[in-house]
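*Asks:* Before we start, here is the structure in question, set down as structure tokens.
Values in this text are rule-based calculations from the coordinates and carry no lab data. Fair warning: this is a prediction, and the values are worked out from it, not measured in the lab. In this analysis, Cβ positions are derived from the backbone assuming ideal geometry, glycine residues included, and neighbour counts consider all displayed protein chains.
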Amino acid sequence: MKKQIILLPATLLLALGAVQGQDVKERLKAHVYTLASDEFAGRKPNTHGDTLAANYIREQLKAMPGFKLLAKDGLQEFSYQAYRNLAAEGNTLKAGKRALTLGRDFLPSVTSANGSFSGEVVDMGEGKPRDYAGKDVKGKFVVVHLTPRSYADGSEQRSRETAALQNGAKGILLVGQPLSNLPARWPTKDGFYVAKVTDKAAKELLTKKQMEANVAIDLSTEHTFNVVAKIEAPKANNPEGDVLILGAHYDHMGIEEYEGEPAIFHGADDNASGTAGILELARYISDRRDFLKKDVIVILFGAEERGLKGSRYYAANPVEPLDNVKAMVNIDMMGRMPAEKTLGIRGLGSAYEAPALFASLPNNDNLELVWEFREKGPTDYSSFYDKGIPAFSFGTPHHVDYHKPTDTKERVNYDGMVMVYDYATNLINRLAFEPLRLTYRPQQK
């Protein structure tokens, strides 16, 4: 498996040069405008826009004095299981002994487990938890009636699947939605059958009370990169080779259907903003490299939107051993600072000294700091906490444009990004420019 590294277009080479010589706000803005541009097309993993983004980031780090590119010229390539797709053959459903027609009467959900299924079919109304009261559905297949309006995000389907599982059902047949699938990357549960059926097919299944089914789902593979670079402290300042990791994911959702039309999900806040923040923190470190007390590895992760794939891959396959890594700092969405100036900080439970450390940091912009003490959350710092490393993540609040095409560069609060950057530099001053070591705190039960 090989993926060619492409040359950046002339317009993007100009963007690289334009970043030099600007102040922090303008540099942050220039990064976001480039990464969230139409040309990068939402930076979906395994696409041209994804490769453009990786090359842009790589060239930025390469130009910073003191940084050297790791892996293969700065790019750590990796592969992972991506979306689940129905196989061309092998998907069947019978009501009693009569075969139903795929695509007309039924469609297996891509959240279904693979394999053969058979058993009793029972009606469970709307399939809400209250509908199971006093009923024994263990080992049975439940027919559940949904509303068409729930199809947009799949939330109603997921809640009904959960209720069926909690009551011991062997599978679920969903009525009332189009015979089509939302994207999915993993099954609801191993051994659990999920399919959508027409109202007519559901009535026949309930009349005959028995079903037989087979599900065949193919697993696709995607390829992308982590971008990795390192700057070393003077040997006299760091005799034991301590390391700090800074990271953010650069990928987003690419081009997807939205309200019936294809649209670019630009991901300006999520996470062009965090990528921009890490690049400018790297520049801050580069400018002060003679005073470093730790080596610093900067990683911009691919495929976070696919389930933290990039950070998990790096943590399992580090370019350099993790033994000397003393802390990890992540940024995921720093571009929508609200009027209240809220900044969330996750992972304060990952090190015993963390609460005192963060309490001591200057807060010159009077940010409304929201500390989250749980050790792990749904972003890339968790991959390093799992390896015994104190890890933290910064982020401004979610917003109505989250994971929508409207998360665009024009809606980013660039003054707010500077506030997050300024606060983050205070943490970097302690972690990178002092010989401070944090003590890993195991996850509390």
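*Asks:* Report ³J(HN,Hα) in whole Hz for each residue of the stretch 271-281, in order, from the Karplus equation J = 6.51 cos²θ - 1.76 cosθ + 1.60 where θ = phi - 60°; Gly and Pro get x.
*Replies:* 9, 4, 5, x, 4, 4, x, 5, 4, 6, 5
*Asks:* Find, among the trypsin sites (Lys or Arg not before Pro) in the stretch 293-357, those assigned to loop by DSSP (not H, G, I, E, B) with at most 12 other beta-carbon atoms within 10 angstrom.
*Replies:* none
*Asks:* Moving on. Using a Gaussian network model on the chain with a 10 Å cutoff between Cα atoms, which of Tyr56, Tyr258, Tyr314 fluctuates the most?
*Replies:* Tyr258
*Asks:* Now for a separate question. Name the most mobile residue of Leu292, Leu107, Leu244, meaning the one with the largest mean-square fluctuation, in a Gaussian network model of the chain with Cα contacts below 10 Å.
*Replies:* Among Leu292, Leu107, Leu244, the largest GNM mean-square fluctuation belongs to Leu107.
*Asks:* With a 10 Å cut-off between alpha carbons and a GNM built on the chain, which of Ile331, Ile57, Ile255 moves the most?
*Replies:* For the chain, modelled as a Gaussian network with Cα springs under 10 Å, the answer is Ile255.
*Asks:* State, as an integer percentage, the relative contact order of the chain based on alpha-carbon contacts under 8 Å between residues 6 or more apart. Walk me through the numbers on the way to the answer.
*Replies:* On the way: 985 pairs, mean separation 83.6, N = 445.
Answer for the chain is 19 percent.
*Asks:* Each residue of the stretch 227-233 in order: what ³J(HN,Hα) in whole Hz does its phi give by Karplus 6.51 cos²θ - 1.76 cosθ + 1.60, θ = phi - 60°, with x for Gly and Pro?
*Replies:* 9, 10, 9, 9, 10, 9, 6
*Asks:* If I fit a long axis through the Cα atoms of helix 155-166 and take the longest principal axis of the Cα atoms of the chain, what angle between them do I get, 0 to 90°, rounded to 10?
*Replies:* With rounding to tens, the tilt is 70 degrees.
*Asks:* Using only DSSP helix segments of four residues or longer, with each worth -39500 (n - 2.57), what per-residue ellipticity at 222 nm results for the chain after dividing by its residue count and rounding to 500? Show your work: numbers first, answer last.
*Replies:* On the way: 10 runs with 112 residues, N = 445.
That comes out to -7500 deg cm²/dmol.
*Asks:* By how many degrees, 0 to 90 and rounded to 10, does the Cα axis of helix 24-35 deviate from the longest principal axis of the chain?
*Replies:* 40 degrees
*Asks:* Please arrange Asp422, Asp50, Asp131, Asp251 by how many other C-beta atoms lie within 10 Å of their C-beta, fewest to most.
*Replies:* Asp422, Asp131, Asp50, Asp251
*Asks:* How high is the relative contact order of the stretch 131-241, given as a whole-number percent (alpha carbon pairs under 8 Å, six or more residues apart)?
*Replies:* 22 percent.
*Asks:* Now for a different question. Can you run phi through the Karplus equation (6.51, -1.76, 1.60; θ = phi - 60°) for the stretch 367-378 and list ³J(HN,Hα) in whole Hz, with x for Gly and Pro?
*Replies:* Here the 3J(HN,Hα) series is 5, 7, 7, 10, 8, 10, 8, 4, 5, 10, x, x Hz.
*Asks:* Under the rule of at least 5 residues apart or a separate chain, name every residue whose amide H is placed under 5 Å from the amide H of Ala351.
*Replies:* Amide H to amide H, under 5 Å and 5 or more residues apart or across chains, Ala351 pairs with Arg441.
*Asks:* If you don't mind, there's one more thing I want to ask. Measure out, as a whole number of angstrom, how far apart the alpha-carbon centroids of the stretch 267-290 and the stretch 37-114 sit.
*Replies:* So the two Cα centres are separated by 26 Å.
*Asks:* OK, next. Which whole-number value in Å³ per residue fits the convex hull of the alpha carbons of the stretch 90-215?
*Replies:* Dividing the Cα hull volume of the stretch 90-215 by its residue count gives 91 Å³.
*Asks:* Expressed as a rounded percentage, what relative contact order does the stretch 286-445 have, with Cα pairs under 8 Å and six or more residues apart?
*Replies:* Relative contact order, the stretch 286-445: 35 percent.
*Asks:* Cα axis of helix 48-62 to longest principal axis of the chain: angle in degrees, 0 to 90, nearest 10?
*Replies:* 20 degrees
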